[in-house]
Structure formats: C-alpha cells, structure tokens
1. Only one of these is touching a Pro at 6+ places or on another chain (Cβ under 7 Å) and not small (Gly, Ala, Ser): Asp90, Asp34. Name it.
2. Yes or no: the stretch 53-66 includes at least one residue that is in contact with a helix residue (DSSP H, G or I) (Cβ under 6 Å, 6 or more places away or on another chain) and either at pLDDT below 85 or not in a loop (DSSP other than H, G, I, E, B) (or both).
3. Mind checking which pairs have a first residue in the stretch 66-85 that is hydroxyl-bearing (Ser, Thr, Tyr) and a second that is assigned to a strand (DSSP E or B) and surrounded by 14 or more Cβ atoms within 10 Å (Cβ to Cβ), Cβ under 6 Å, 6 or more apart or different chains?
4. When the stretch 81-93 is examined, which residues are found to be surrounded by 12 or more Cβ atoms within 10 Å (Cβ to Cβ) and over 23 Å from the mean Cα position of the chain (by Cα)?
5. Going by the structure shown, is Leu64 within 27 Å of Glu35 (Cβ to Cβ) and touching a strand residue (DSSP E or B) at 6+ places or on another chain (Cβ under 6 Å)?
6. Identify, by number, the condition in (1) touching a His at 6+ places or on another chain (Cβ under 9 Å); (2) within 13 Å of Glu99 (Cα to Cα); (3) not hydrophobic (A, V, I, L, M, F, W, C) that Ser63 doesn't meet.
7. So, of the residues in the stretch 19-36 that are free of Cβ contacts under 8 Å to residues at least 60 places away in the same chain and surrounded by 10 or more Cβ atoms within 10 Å (Cβ to Cβ), which turns out to be nearest to Ala96 (Cα to Cα)?
8. How many of the residues in the stretch 69-103 are among the basic types (Lys, Arg) and either in contact with a Ser or Thr (Cβ under 6 Å, 6 or more places away or on another chain) or in a loop (DSSP other than H, G, I, E, B) (or both)?
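The values are calculated or read from the model by the stated rules, or taken from the named source; none is laboratory data. Please read these numbers as outputs of a predicted model, since none were measured by experiment. All Cβ positions, even for glycine, are placed from backbone atoms using ideal geometry, and neighbour counts span all protein chains on display.
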Amino acid sequence: MRGFTLVELVLVIMIMGILAAVVGPRFFDRKVFDERLFFEETVSAVRYAQKLALASGCLTEISLGTVGYHLRRAANCTSGAFSAEVQGPDSQTPFANTEVPTG
C-alpha cells in the first residue's frame, strides 16, 4: 500500500503551523506595504519631474525631507527660486506627498 503514515502527516502539519506563525505576520503587515507605496510614489514623482523638465524646458526640483516630498519648478522657467508648485496630472492639486509611513 502506498500513502503517508500518521506521524508524517502530523509532522507536516506542525511544520506548516510553525511557518504560518513566524512568516504569516510579515505578509499581512500594512507597514511594509505603506513603505513600498511611498517609495514607488517618490520614484514616480522623480520621473514626472524629469519628463516635465524635458517637455517644458523649465527647471524642476524635488524636495525630499522627513515630511515627504514636494515637486516645484522655477518661477520663470529658466532661473530663480523654485517657488511654483508643480500641479499633478489632474491639474488641480500640487504634486506632493506628505504622508510618510511611520515606524
């Protein structure tokens, strides 16, 4: 007869339970997903700044800090302080993120 013994089945179930208890919380921790999302949004902002600078000829800057990032452009497109907020793709809200993940 072919099959598994009761001891083998119990050992496999115990190993799966231990792995679920140790590894499971890592998959369901929201902090990891929030950190990854913030990273991806920041990379997206840098790419958007590059494309905007190439398309418009305006100098752009991304300010990174402990409170998030802000995307700005030069007021007169060639020089000066980076005081004009870059509008997001919806043309209504500034391209910025101040929701830094905690922890």
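1. Only one candidate passes the filter, namely Asp34.
2. Applying the first criterion (in contact with a helix residue (DSSP H, G or I) (Cβ under 6 Å, 6 or more places away or on another chain)) to the stretch 53-66 yields 60, 62.
Now drop any that are not either at pLDDT below 85 or not in a loop (DSSP other than H, G, I, E, B) (or both), which leaves 60, 62.
Looking for residues that are in contact with a helix residue (DSSP H, G or I) (Cβ under 6 Å, 6 or more places away or on another chain) and either at pLDDT below 85 or not in a loop (DSSP other than H, G, I, E, B) (or both), one finds at least one in the stretch 53-66, hence yes.
3. Close Cβ pairs satisfying both conditions: Tyr69/Ile62; Tyr69/Asn97.
4. Here is the first cut: in the stretch 81-93, the ones surrounded by 12 or more Cβ atoms within 10 Å (Cβ to Cβ) are 82, 84-88.
Across the stretch 81-93, the qualifying residues are Phe82, Ala84.
5. No, not satisfied.
6. (2)
7. Selected residue: Arg36.
8. Here is the first cut: in the stretch 69-103, the residues among the basic types (Lys, Arg) are 72-73.
From what is left, the residues that are either in contact with a Ser or Thr (Cβ under 6 Å, 6 or more places away or on another chain) or in a loop (DSSP other than H, G, I, E, B) (or both) are 73.
So the count comes out to 1.
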